[in-house]
Amino acid sequence: MDFMLLILAVLSALHIMVPSVYYVFMKRIAEKKSWNLRLDENYEPTVTVIVATYNEANVIVGRLQNLEELNYPKDKLEIIIVDSASTDGTADIAKAYIKENSLSVRTLILEETQRKGKARALNYALQYASSEIIATSDADCRWVPDTIRNAIRYLSDPSVAAVSGQETLMNPDQSSATRTESQHRKLFNYIRVGESKIHSTIIFEGALAFFKKELLKRFDEPCDDSGSALNLVQEGYRTILIPDVSFLNPFSPKWNKKIAKKTRRAQHLVEIWYRCLVLDLKGKLKLNPWISRVNVFLHIVNPFLFLVFALTSVFLLVEYPAALLAIPLILLIPKARDSFLLYVTNYFFLLQAIFMQAFGRRQVVWKK
Ligand code: GDP
Ligand code: MN
């Protein structure tokens, strides 16, 4: 029995310590380490921004206006909307908007006859993109005017193949669903920037990603953002997430919507780290192996230790009922409550994603 308890204690300690230590370590690196890049401030390549849309009638015009306001030479910018047979008239609305307003930026609307997922749509659009840099974005997010300039700077270094930015919520204080998401973002942004400063992060955001076309060739399917980043790292390049560029994203204040979205994202994370694990085992991984191993631990192993930790906690509560007093403390302090909710739900999403991955259920298209 004592031996059993010792094992539970060790597993629980690993469960808590690995993420905590990794976070503290990466935060320090994100704040202190230099990029080791040679940046050319005069670098001004041509850029194609591809926005994949499926049923985005409500936001597509706002997105076009937002892209037109970007602070970048108009003759070096091109916008491609690639719509996959939306049923709400997204493509027609975009076409009408372009016809009625003479846009200063060359804008192309592509229409697929069938919905085959976002990554497929991006690859279709890629054939029509004529620029040196390919950027991807979503219909519902917003970029600030200097986004392209700030991101492009980093691509001037020949070792960097792709750059991504962080998500900032438009409504961080609206509900517990958005508060926890905002907290989650802040934690992980440090980790992704830290990893990028060491060499690369492969966790990319499709809503704000810039790729060198000559190196990209094709988007990974179905994981257009992180999968493409991993492929470029495997070719020997750096793919980085930078702190000075972020996109504004609306986030549903409702938990049921959040659960659907987070489950999908967790599936992508599990899938991509599983790919790294396999490459690492074959001795073929080009990403820093420790970045990969810690992330494999965090996304694939630790969700199971979460179960161990939860059972251990229940066991302790039964043995020492006085510890029950901690529960009102967690529930009454709003910040503690949010952190606790974030912690439990994150591991829940990952566990669900691991089972879906194991049983071969993967989402290529999702409900909108
Ligand atoms: P989230 O931000 O990760 O929740 O994902 P969204 O649902 O906002 O999708 C990201 C972008 O991909 C949006 O602009 C969607 O309209 C677009 N999208 C999603 N599925 C498809 C698809 O099957 N085809 C195309 N062309 N775009 C899609
Ligand atoms: Mn979105």
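Some observations on this one:
- Among the conditions (1) surrounded by fewer than 19 Cβ atoms within 10 Å (Cβ to Cβ); (2) away from ligand 2 (no atom under 16 Å from the Cβ), residue 252 misses just one, which is (2).
- Criterion: farther than 19 Å from residue 345 by Cβ and either hydrophobic (A, V, I, L, M, F, W, C) or in contact (Cβ under 8 Å) with a residue 60 or more places away in the chain (or both) - qualifying residue of 277, 187, 269: 277
- Residue within the stretch 182-189 that is out of contact with any Asp or Glu (no Cβ under 7 Å at 6 or more places or on another chain), among the hydrophobic types (A, V, I, L, M, F, W, C) and not in a helix (DSSP H, G or I) present: no
- Residue check, residue 128 away from ligand 1 (no atom under 12 Å from the Cβ) and aromatic (Phe, Trp, Tyr): yes
- Screening the candidates 175, 104, 159, 130 for the property of being within 30 Å of residue 333 (Cβ to Cβ) and either more than 15 Å from ligand 2 (Cβ to nearest atom) or touching a Ser or Thr at 6+ places or on another chain (Cβ under 6 Å) (or both) yields one hit, 175.
- Listed by position, the helices (runs of 4 or more DSSP H) contained in the stretch 287-368 that have at least 2 residues being within 16 Å of ligand 1 (Cβ to nearest atom) are 334-358.
- Residue check for residue 82: part of a strand (DSSP E or B), in contact with a Phe, Trp or Tyr (Cβ under 7 Å, 6 or more places away or on another chain) and surrounded by 13 or more Cβ atoms within 10 Å (Cβ to Cβ): yes
- Only one of the listed residues (136, 53, 168) is within 16 Å of ligand 2 (Cβ to nearest atom), surrounded by fewer than 19 Cβ atoms within 10 Å (Cβ to Cβ) and under 20 Å from residue 209 (Cβ atoms). That residue is 168.
- Pairs with Cβ under 7 Å, 6+ apart, first in the stretch 33-60 and within 18 Å of residue 82 (Cβ to Cβ), second among the small types (Gly, Ala, Ser) and away from ligand 1 (no atom under 15 Å from the Cβ): 47/131; 48/130; 48/131
- Enumeration of residues in the stretch 203-217 that are more than 16 Å from ligand 2 (Cβ to nearest atom) and either outside any loop (DSSP other than H, G, I, E, B) or closer than 9 Å to residue 136 by Cβ (or both): 210, 211, 212, 213, 214, 215, 216
Rule-based calculations on the coordinates, nothing more; no lab input. Computed from a predicted model, the values in this text were never measured in an experiment. When we count neighbours, we look across all protein chains shown, and the Cβ atoms used for this are built from the backbone with ideal geometry, even at glycine.
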